[in-house]
Amino acid sequence: MGFSSPTANLETSQATQTSSTNYGKSPTSFTTITQVILVGCLALVSLTGNSTVCILMKRFKSIRTIPNMFLANLAIVDMFNILINLPLFTIVGVLEFEETLHGRWVSLAVASAQNLFNVLKITSMVVTMTDRYIAISWGLRYYIRKTKAKAAIALCVVWLLSITITLPWVILASQIDLGDVPTYKYRIAYFNEISRTASFFIYLMFGLVTTLLSVLTYCSYRLKSKSFAKLCKEKHDSQETQLDRARTRSEVQAAWTIGLTIAAYILCYVPCILYAAVGPKELLNSNEIKWFGFAAPYFLYFSSGCNPLIYLVRTTRFRAAVKQLLKNPFGSDDVNLEKPRGLINNVYKVKGVFKQHRRIEITPLPASLKKQNFMTLNVRKGVK
């Protein structure tokens, strides 16, 4: 992927932002105040949106689905990223209090936190996209076998894997000792000594895996569509096939939503790529250096606020849940829709414990609920 190599310069663009502004015009108080306001708005939108996703998972039982568990995990990662790393960026990158953060261990802690949450976000998106691919390609087999306990284990693996990936970087970076100098000087040293290669490898793998999953998901959907069309043409469009087709449409909508979050994440790297490509030396005579240096890291955090907005636009049930939460925040009623669709929907429910392969009996819901396009899978031991 083309974005892999330039984004490896993220640490340099952030680290040199403060020092590079000293070459150009001194930033005005108006510029600083404006940037502080923008950072505050970003923090407010991101924390409100991502915390709302977690609150909805707690409040409404019908949206406690396995796909939404992955989305809630991504929301938690974004909240930690905003709460921990955005204030540090504001202190050093916006207010330019370079001497506030200094020293070997403080610099190591700051850089480690930024790297950890970046890796966490990448692995979370990859696992979420993998879940959508398997859901589309395996169909009902995946739906029957998946459980919330397995999803919870997968999320634990995501966190452990991210920590494992970050740990070698932390060990190597801890060997660098420049004395009691500002953090941004350590960041330059970290990048030159370690992160140039590590970042390139991580983002290259992310790009390749994401592309591969996208292609596989598309191919699986095309095969499913051809299979459904063939069954319909041969007039073998059974109730089970209709259910599988409805489920596949829902999973594809979910995959598109996840794809949009990944696309937003990549697009938010564009200012950083441009900043790293141009470099501070080429910006010495520019009055906009303060804004250019601000935009590069700012838009990386901006992606944390995009995801809840994407869910709000893409999913009917998410919008309905938000409205119901605002209307009755402390109630116990569930989300009610006339025609549910999209990412947070349950296309059908599976009842039963699966210790081995069972045959499936498909039972439509009562006529009063048919308008909601819901069907129930009652799986009973011994059904033949």
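The values are calculated or read from the model by the stated rules, or taken from the named source; none is laboratory data. Keep in mind that this is a model prediction, so the values were computed, not measured. Counting neighbours? That spans all protein chains shown, and the Cβs are built from the backbone with ideal geometry, glycine included.
Of all the residues that make up region 187-237, how many are of a type in the set (S, T, Y), under 24 Å from I165 (Cα atoms) and either outside any helix (DSSP H, G or I) or at pLDDT 80 or above (or both)? Before the answer, list the steps.
Of the residues in region 187-237, the ones of a type in the set (S, T, Y) are 190, 195, 197, 199, 203, 210-211, 214, 217-218, 220-221, 225, 227.
So of that shortlist, the ones also under 24 Å from I165 (Cα atoms) come out as 190, 195, 197, 199, 203, 210-211, 214.
Retained after the next criterion (residues that are either outside any helix (DSSP H, G or I) or at pLDDT 80 or above (or both)): 190, 210-211, 214.
So the count comes out to 4.
Say we look at region 274-294 and pick out the residues that are of a type in the set (A, V, I, L, M, F, W, C) and either modelled with pLDDT under 75 or surrounded by fewer than 19 Cβ atoms within 10 Å (Cβ to Cβ) (or both); which of these is nearest to M79 (Cα to Cα)?
Our first condition is that a residue be of a type in the set (A, V, I, L, M, F, W, C); within region 274-294, this holds for 274, 276-278, 283-284, 289, 291-292, 294.
Of the ones still in play, those that are also either modelled with pLDDT under 75 or surrounded by fewer than 19 Cβ atoms within 10 Å (Cβ to Cβ) (or both) are 274, 276-278, 283-284, 289, 291.
Values: L274: 26, A276: 26, A277: 29, V278: 31, L283: 33, L284: 35, I289: 29, W291: 25 Å.
Going through the qualifying residues, I end up with W291.
Here are some residues: T130, T164. Which one is assigned to a helix (DSSP H, G or I), out of contact with any strand residue (DSSP E or B) (no Cβ under 8 Å at 6 or more places or on another chain), of a type outside the set (K, R) and closer than 30 Å to F228 by Cβ? Talk me through it step by step, then tell me what you get.
On the way: T164 fails: closer than 30 Å to F228 by Cβ.
Only one candidate passes the filter, namely T130.
Please determine whether any residue of region 208-217 is at positive phi and either surrounded by fewer than 19 Cβ atoms within 10 Å (Cβ to Cβ) or in contact (Cβ under 8 Å) with a residue 40 or more places away in the chain (or both).
First pass over region 208-217, keeping only residues at positive phi: none.
No - not one qualifying residue is present in region 208-217.
Kindly provide the set of residues from region 58-82 that are under 13 Å from L155 (Cα atoms) and crowded, with 21+ Cβ neighbours inside 10 Å, ordered by number.
Initial filter on region 58-82 (under 13 Å from L155 (Cα atoms)): 66-77.
Selection gives P67, N68, F70, L71, N73, L74, A75, V77.
Any residue in region 305-331 that is farther than 22 Å from I266 by Cα sitting within a Cβ distance under 8 Å of a residue that is at pLDDT 80 or above and among the small types (G, A, S)? List the pairs, counting only those 6 or more apart or interchain.
Listed pairs, sorted by first residue: R317/S62.
What are the residues in region 193-219 that are more than 27 Å from I171 (Cα to Cα) and polar (S, T, N, Q), if any?
Selection gives T210, T211, S214, T217.
From V170, V181, grab the single residue that is in contact with a His (Cβ under 9 Å, 6 or more places away or on another chain) and surrounded by 13 or more Cβ atoms within 10 Å (Cβ to Cβ).
On the way: V170 fails: in contact with a His (Cβ under 9 Å, 6 or more places away or on another chain).
Selected residue: V181, the only one of V170, V181 that is in contact with a His (Cβ under 9 Å, 6 or more places away or on another chain) and surrounded by 13 or more Cβ atoms within 10 Å (Cβ to Cβ).
State which residue pairs qualify: first residue touching a residue at least 24 places away in the same chain (Cβ under 8 Å) and closer than 23 Å to F206 by Cα and inside region 159-187, second residue exposed (fewer than 14 other Cβ atoms within 10 Å of the Cβ) and of a type in the set (V, I, T) in any location, beta carbons under 8 Å apart, and separation of 6 or more residues or different chains.
Nothing qualifies.
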